[in-house]
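As structure tokens, the structure follows; a few thoughts come after it.
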Amino acid sequence: VLFRSAVNNVSAGEKAGGAIIYQSDFSSTATWSTGNVAPGVQGSFQFGGYPTNFADYLAATPTTGMTAPMAYFDAVQYLLAAPGTPVGVQNAYLQSPTIDMSASAVITVKFDQVYRRFNHDVLYVEISTDNGATWPASLSRAVNGNAIGNGATLKNTLTTDFLIGPAVTQGRVRLRWESLTADNDYGSGYGWAVDNFKVLEGYENNLQLKEVYYAYGNQALTATQMPLSQVAGAGKYSFAADIQNVGSAIQPTSFKVTSGAYNQTSVQGDLAPFAEDSL
């Protein structure tokens, strides 16, 4: 087992994205819809300026580039409610209008966001290829999994890729907030705000570095630095990377570590479209 550890100078940056298929800054929301998925009963996405609750409990200001109006789910209002007002089960969505996605078998959903995780809240980006009639599990992505409960607020641009197949002319995208614990202390959450929403053409060839690991010794202990006197003959380092193919073509893939003193390349493997593996 390789234990995760910090690695310097490793980037998991995204490609900029292809041609824009659809975009919205929420200045016009007539074609957007909001609602709840069973068993959700509490709260809904709203449009407007940066909420006061967010300035108090998430971040003083939104991500650079996010301006009113934006779309948001204000969950912390239920935690702040007067005693006797219970927290309920939440499963709310923000749904785009119909989008012609036939230009590409892969699409990229991209938007600016502010989000702080509480306890049981989970966020999703989801695609329907039949105008919202169904939302397949294979086209549902849980996002912001790197957020720590009651930790730092994420203020960034989120990019998510989907393999939808050819000739999708009636696609829809929805963002979904889920908190299925109706506990007055641990349910609900802080909130999620989004702006500058885009759907872009994906790529035929596109690999993403998801995460990098390294470990030391036969027991695979995590390590960052050690004295030179302890290195010689003491064991070996292991390096690994988690890589996903988010393109529409099979990709021959290898992981190369280069430092000058140490230069090695892993065995090459073929990653199928949207397959993920370690090297």
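The values are calculated or read from the model by the stated rules, or taken from the named source; none is laboratory data. This one's a predicted model, so the numbers in the text were calculated from it and none came from an experiment. FYI the Cβ positions are ideal-geometry reconstructions off the backbone, even for glycines, and counts take in every protein chain you see. Quick note on the areas: whole protein, heavy atoms, side chains included, nothing else; ligands and nucleic acids left out. Shrake-Rupley method; radii C 1.70, N 1.55, O 1.52, S 1.80 Å.
Some observations on this one:
- Single match in Lys256, Lys198 (criterion: at pLDDT 85 or above, of a type in the set (Lys, Arg) and farther than 28 Å from Phe111 by Cβ): Lys256
- Within the option set Pro83, Pro39, being open to solvent by 60 Å² or more (accessible area, probe 1.4 Å), in a loop (DSSP other than H, G, I, E, B) and free of Cβ contacts under 8 Å to residues at least 40 places away in the same chain holds for one residue only, Pro83.
- On inspection, Tyr115 does not qualify as touching a residue at least 24 places away in the same chain (Cβ under 8 Å), open to solvent by 40 Å² or more (accessible area, probe 1.4 Å) and in a strand (DSSP E or B).
- Any chance Phe118 is modelled with pLDDT of 95 or more, under 21 Å from Asp183 (Cβ atoms) and not aliphatic (A, V, I, L, M): yes
- Looking across Pro39, Pro51, one residue alone is at pLDDT 95 or above and in contact with a strand residue (DSSP E or B) (Cβ under 8 Å, 6 or more places away or on another chain). It is Pro51.
- Tyr93 being under 24 Å from Asn196 (Cβ atoms), in a loop (DSSP other than H, G, I, E, B), among the aromatic types (Phe, Trp, Tyr) and touching a residue at least 12 places away in the same chain (Cβ under 8 Å): no
- Every residue from segment 27-53 that is farther than 30 Å from Gly132 by Cα and out of contact with any Asp or Glu (no Cβ under 7 Å at 6 or more places or on another chain): Thr52
- Unique residue being touching a Leu at 6+ places or on another chain (Cβ under 9 Å), part of a strand (DSSP E or B), surrounded by fewer than 19 Cβ atoms within 10 Å (Cβ to Cβ) and not hydroxyl-bearing (Ser, Thr, Tyr) when the list is Ala142, Ala147: Ala142
- Any hit, segment 49-59, residues being under 21 Å from Val109 (Cα atoms) and touching a residue at least 12 places away in the same chain (Cβ under 8 Å): no
- The criterion of being part of a loop (DSSP other than H, G, I, E, B), free of Cβ contacts under 8 Å to residues at least 24 places away in the same chain and either in contact with a Ser or Thr (Cβ under 6 Å, 6 or more places away or on another chain) or open to solvent by 50 Å² or more (accessible area, probe 1.4 Å) (or both) does not hold for Thr31.
- Qualifying residue in segment 120-139 (condition: under 16 Å from Gly191 (Cα atoms), crowded, with 21+ Cβ neighbours inside 10 Å and among the hydroxyl-bearing types (Ser, Thr, Tyr)): no
- So Ala103, is it at pLDDT below 95 and closer than 19 Å to Ala19 by Cα: yes
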